[in-house]
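S.K.: Submitted below is the structure of interest, expressed as structure tokens.
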Amino acid sequence: MFKPYTKMKRLAALVTLVMVLFSFLPEIHAETLKSAPLSRGTTQDGMVRVRLSSLGNPSSLKLTVNGSYTVNGKTSRAIASGTVLNVGFSSSTGKLTLTQNGNTTDMGASFKLRRHATDGSNGIKIAQGRVPSNLYPGDFEFIVQKGTNSYTLLVIVHVYIEDYLYGVLPYEMGNSSGLEALKAQAVTARTYTMRAMTNSESSLYDVVDTPSDQVYSGTPSGNANCKAAVDATKGIVAKNGSSFTATYYSASNGGQTEAIKNAWGTTSHSYLKVK
């Protein structure tokens, strides 16, 4: 799933759409997705929580702020656009710090960088990210988790689902792919995400940014075709009855899909058969 711009990617998305629309015979729905605050709950909304697991367990992060942000939503702690922040973390002590303009503050076990404008230029760049020039257009949450012998830092981005898809399609399929194939990928990825959101109500995040879910590296430049595909299919998902279809996909399947029972030992999705 991590090698974009290949013919197999295009074929995989087209095969997925055919399987979803014809083999599985689901209904196609337009979901009303509302924007949401930085919160957790049982209500479906348009905000997806993406854990940036590709960062590993970093001891420091260099972040560049673009636009209007505050620390923990406090207007008294506004961050000027262009500011470089350094987040420090110790896996042995669990200490979390934030350095801004040479001043370091102890942040306890968690803190948030809250976005106060939602246009495309508002976001944060991560120097340690897979693509440092990419913007992550959302709220950032930093949470320390205690393990048996050490601590782990979770970096979670809260981003509107359509903005999230702007960053998924370029890496799961590629901007040079045909528009109709990209539309198929958009519906597939959106459905996968909404299903994950339904199943993660008790979790700190919905998906990770690696092939374990879907590759996400923020929003790249030069992705006009991907954005057009997302916009053209906005809110459209695949369903079987009242449930989101399990739209698993891959770069290549060798010409044959696997039955879900053989892959994961479950029969919960009877439409996922060998084809």
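The values are calculated or read from the model by the stated rules, or taken from the named source; none is laboratory data. From a predicted model like this one, the values you see are computed outputs, not experimental measurements. Positions of Cβ are backbone-derived with ideal geometry, glycine not excepted, and every protein chain shown enters the neighbour counts. Side chains are part of the model used for accessible areas, which takes the heavy atoms of the whole protein and leaves out ligands, DNA and RNA. Shrake-Rupley method; radii C 1.70, N 1.55, O 1.52, S 1.80 Å.
S.K.: Quick query: amide H of ALA259 versus all other amide H atoms, modeled in the peptide plane; which residues come in under 5 Å with a sequence gap of 5 or more or a different chain?
M.R.: VAL274
S.K.: Over the stretch 94-169, what portion of Cα pair distances is larger than 15 Å, expressed as a whole percent?
M.R.: Taking all Cα-Cα pairs of the stretch 94-169, the fraction more than 15 Å apart is 65 percent.
S.K.: How much accessible area per residue does the stretch 124-267 have, in Å², with a 1.4 Å probe?
M.R.: Values: 5520 Å² over 144 residues.
About 38 Å² of surface per residue is accessible.
S.K.: What's the local net charge at TRP264, with K and R +1, D and E -1, over the other residues with C-beta under 14 Å away?
M.R.: Residues close to TRP264 contribute a combined charge of +1.
S.K.: Which percent of Cα-Cα pairs in the stretch 123-275 sits in each 5 Å bin, short to long?
M.R.: 2, 8, 15, 19, 20, 15, 11, 7, 3, 0
S.K.: Can I ask one more? How big is the accessible area of LYS183 in square angstrom, nearest 10, if you roll a 1.4 angstrom probe over the protein chains?
M.R.: For LYS183, the solvent-accessible surface is approximately 50 Å².
S.K.: Compute the distance from the alpha-carbon center of the stretch 142-169 to that of the stretch 86-116, in whole Å.
M.R.: Here the answer is 15 Å between Cα centres.
S.K.: When you take every Cα atom in the stretch 45-195, what is the radius of gyration, and what is Dmax, the widest Cα pair distance, in Å?
M.R.: 16.5, 51
S.K.: Beyond a 25 Å Cα-Cα separation, which of these cross-linked pairs lie in this structure: LYS112/LYS146; LYS74/LYS95; LYS183/LYS275; LYS227/LYS261?
M.R.: As for pairs spanning more than 25 Å Cα to Cα, those are LYS227/LYS261.
S.K.: Given a 1.4 Å probe and every protein chain left where it sits, what share in percent of the accessible area of the stretch 145-207 is carbon and sulfur?
M.R.: Result for the stretch 145-207: 45 percent of the exposed heavy-atom area is carbon or sulfur.
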